[in-house]
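Trainee: After the structure tokens below, expect a handful of questions from me.
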Amino acid sequence: MQPFEPSSYPRRILIVVSGMSPQILTETLFALTQKRTPAFVPTEVHVLTTTSGASHAHLNLLGKAHFSRLCRDYGLDASIFDETRIHSIQDRDGNGLDDIRSVRDNETAADYITNFIRQHTADENAALHVSLAGGRKTMGYYAGYALSLYGREQDRLSHVLVTEGFEGHRDFYYPTRESQPIDRDGKPTLDARDADVILAEIPFVRLRQDIPENLLKGHCSFGEAIDMAQRAQQPHRLLIDLKNLEFKVGDISLNKMGGKDLAFFVWLLQRHLEGKPPIEGRDLVDYNKELGDELTDLCERLQQRDESLKRQGNPSTFKGLGRVIESVERFHGIDRDAWDTRRSDLNKALRKQLGETLSERFKLHNFGKRGESRYGFSIEEELIDWTPFD
């Protein structure tokens, strides 16, 4: 089995966007299970649609039992789809969307589809297959772009193609095993058994690494996700304002990183701007006390500035620095274990705020050869705006 082969995942999710043609679901499921090698047999199937589309899906897929007949004909488990997996697009107030006709309707559909796909890509044991063949063109666009924003290596995107004459026919749902005549213009001129269904997989650019972790895990509008993905591709200046305790990459605030990680970041940047060499592994043995003193001095100044700004009504940015100072003093400097922990925590905090791609430009790198660690930044000094305490 190839790495990231979708069929090898324990949870296999088919997501279909649909309008007034629920046949898209049965056609796609047929193609995935009967025409694909290896077959992608979903463990769950979801339909994203409007309130009108939901009624059609209930009536035709479940009420008229087209879905269960497909499963019976081809040995599939019908329990993978039921009424709970027909999802009407809703706004944040829970109001259903009957159609997409206005700017607000488009925004609602974009946000709902984006967050639905985001939530289902959160499970690393799941593989998604998203079909954009149904619904209004904008629904398909949002589904495809949402998968581009959040999709992983195991996730796939497709469009289903059906033999001419059968496509869009209200009575055609999938190629049957036995003969099933279908009327056309009042005459039984077609047979569902003769139809051909082709699954066209659509390549897409994966931008997940450009989305900050806090947006991967929390509610995020379509526009916010697009904005973050675009930011990752652009050059950004790093603002370190010690006078006002303001820290930014472009217009993205770093103040929520946490005082401990932010203090460690500022200390190492200060060394970088002062022209001090990268910290080597042996420095953590030979100069661990001197390095600890540098970090302690900066933490004390940050604490003082934080208290001063707090008295002026500003929120605290550097809570808990006292524990950092106590730790350095207790261990008489910064030992290798403490360094490794702080370095790892810093890079995780940057990744959480900036996303994988953008954080790569600002994180603490190891430039040394194997066994010869040398830790520093690759940030150009001209891209750092530094304002001292006074």
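Read the figures in this text as sums done on the coordinates, not as results from a lab. Note that this is a predicted model, so its numbers are computed, not measured. For neighbour counting, all protein chains shown are included, and Cβ atoms are generated from backbone atoms with ideal geometry for every residue, glycine included.
Trainee: With angles folded into 0 to 90 degrees, how steeply does helix 336-354 sit against the dominant principal axis of the chain? Use alpha carbons for both and round to 10.
Mentor: 50
Trainee: Suppose we look only past 27 Å in the calculated P(r) of the chain. What percent of the Cα-Cα pairs does that tail hold?
Mentor: Of all Cα-Cα pairs in the chain, 60 percent lie more than 27 Å apart.
Trainee: Then there's this: Less than 20 Å apart at the alpha-carbon level, and either on another chain or at least 8 residues along: which lysines does that give for LYS348?
Mentor: Output for LYS348: LYS217, LYS248, LYS256, LYS260, LYS319, LYS363.
Trainee: What number comes out for the charge environment of GLY223, summing +1 per Lys or Arg and -1 per Asp or Glu over other residues with Cβ under 12 Å away?
Mentor: Values: positive: none; negative: GLU107, ASP111, GLU224, ASP227.
Net charge in that neighbourhood comes out at -4.
Trainee: Also: Taking the number of other C-beta atoms within 10 Å as the exposure measure, put PHE222, PHE81, PHE264 in order starting with the fewest.
Mentor: Ascending number of Cβ neighbours within 10 Å: PHE222, PHE264, PHE81.
Trainee: Mind giving me the nanometre distance, one decimal, between the label points for ALA65 and THR51, set 7 Å out from Cα along Cα→Cβ?
Mentor: Result: 3.1 nm between the two label points.
Trainee: Report the residue, chosen from THR51, THR114, THR189, that carries the largest GNM mean-square fluctuation when the chain is represented by alpha-carbon nodes joined by springs under 10 Å.
Mentor: THR189
Trainee: While we're on this one: Name the shape class, rounded, prolate or oblate, that the alpha-carbon gyration tensor gives for the stretch 1-134, where a ≥ b ≥ c are the square roots of its eigenvalues, rounded holds for a/c under 1.5, and otherwise prolate holds if a/b is larger than b/c and oblate otherwise.
Mentor: In terms of gyration-tensor shape, oblate.
Trainee: Name the residue farthest towards the positive end of the dipole of the chain from the options VAL328, ILE226, LEU76, assuming +1 on Cβ of Lys and Arg, -1 on Cβ of Asp and Glu, about the Cα centre.
Mentor: In the chain, that residue is LEU76.
Trainee: Does anyone have the angle between helix 259-273 and the longest principal axis of the chain? Alpha-carbon axes, 0 to 90°, nearest 10?
Mentor: 60
Trainee: Let me ask another. Against the longest alpha carbon principal axis of the chain, how many degrees, from 0 to 90 and to the nearest 10, is the axis of helix 288-311 turned?
Mentor: Once rounded, the angle reads 80 degrees.
Trainee: Given +1 on the Cβ of Lys and Arg, -1 on the Cβ of Asp and Glu, and no further charges, what dipole in debye does the stretch 237-387 carry about its Cα centre, rounded to the nearest 20?
Mentor: Numbers: 27 positive and 28 negative charges, 103 e Å.
So the magnitude is around 500 debye.
Trainee: Please give the Cα centre distance for the stretch 325-390 versus the stretch 173-229, rounded to the nearest Å.
Mentor: Between the Cα centres of the stretch 325-390 and the stretch 173-229 lies a distance of 44 Å.
Trainee: Okay, next question. Here are some pairs, LYS243/LYS369; LYS35/LYS64; LYS289/LYS369; which of them have Cα atoms lying more than 32 Å apart in this structure?
Mentor: LYS243/LYS369
Trainee: How high is the relative contact order of the stretch 237-387, in percent, counting Cα pairs under 8 Å that sit 6 or more residues apart?
Mentor: Averaging sequence separation for qualifying contacts and normalising by length gives 34 percent for the stretch 237-387.
Trainee: Please state, as a whole number in µm²/s, the translational diffusion coefficient that the Stokes-Einstein equation yields for the stretch 6-228 at 25 °C and 0.890 mPa s, with Rh defined as the Kirkwood radius across alpha carbon pairs.
Mentor: 138
Trainee: Arranged by the count of other C-beta atoms within 10 angstrom, fewest first, what order do TYR141, TYR174, TYR112 take?
Mentor: With the sparsest Cβ surroundings first, the list reads TYR141, TYR112, TYR174.
Trainee: Using a Förster distance of 45 Å, how high is the FRET efficiency between GLU329 and SER8, based on the Cβ-Cβ distance and rounded to 0.05?
Mentor: Result of the calculation: an efficiency of 0.30.
Trainee: While we're on this one: Counting only helical runs of four or more DSSP H residues, what would the 222 nm mean residue ellipticity of the chain come to if each run contributes -39,500 (n - 2.57) and the total is spread over all its residues? Display every interim value, and only then the final one.
Mentor: Working: 13 runs with 147 residues, N = 390.
Helix contribution divided over all residues of the chain: -11500 deg cm²/dmol.
Trainee: In whole percent, what relative contact order does the chain give with Cα contacts below 8 Å and a gap of six or more residues?
Mentor: It rounds to 15 percent for the chain.
Trainee: Mind checking which of LEU239, VAL197, SER7 is farthest towards the positive end of the chain's charge dipole, using Cβ charges of +1 (Lys, Arg) and -1 (Asp, Glu) about the Cα centre?
Mentor: SER7
Trainee: Where does each of VAL324, VAL103 land when they are ranked from fewest to most other beta-carbon atoms within 10 angstrom?
Mentor: VAL103, VAL324
Trainee: For a test of the definition: using alpha carbon positions, the gyration tensor, and the 1.5 limit on a/c, classify the stretch 237-387 as rounded, prolate or oblate.
Mentor: oblate
Trainee: A further question follows. How big is the dipole moment of the stretch 6-228 about its Cα centre under a simple scheme where the beta carbon of each Lys and Arg is +1, that of each Asp and Glu is -1, and everything else is neutral? Debye, nearest 20, please.
Mentor: 300
Trainee: If you don't mind, there's one more thing I want to ask. What percent antiparallel are the DSSP beta bridges of the stretch 237-387, to the nearest 5?
Mentor: Restricted to the stretch 237-387, the bridges split so that about 70 percent are antiparallel.
Trainee: Could you give the length gained by full extension between GLU382 and LYS289, i.e. 0.36 nm per residue of separation minus their alpha carbon distance, to one decimal place?
Mentor: Here the segment from GLU382 to LYS289 would lengthen by 30.4 nm.
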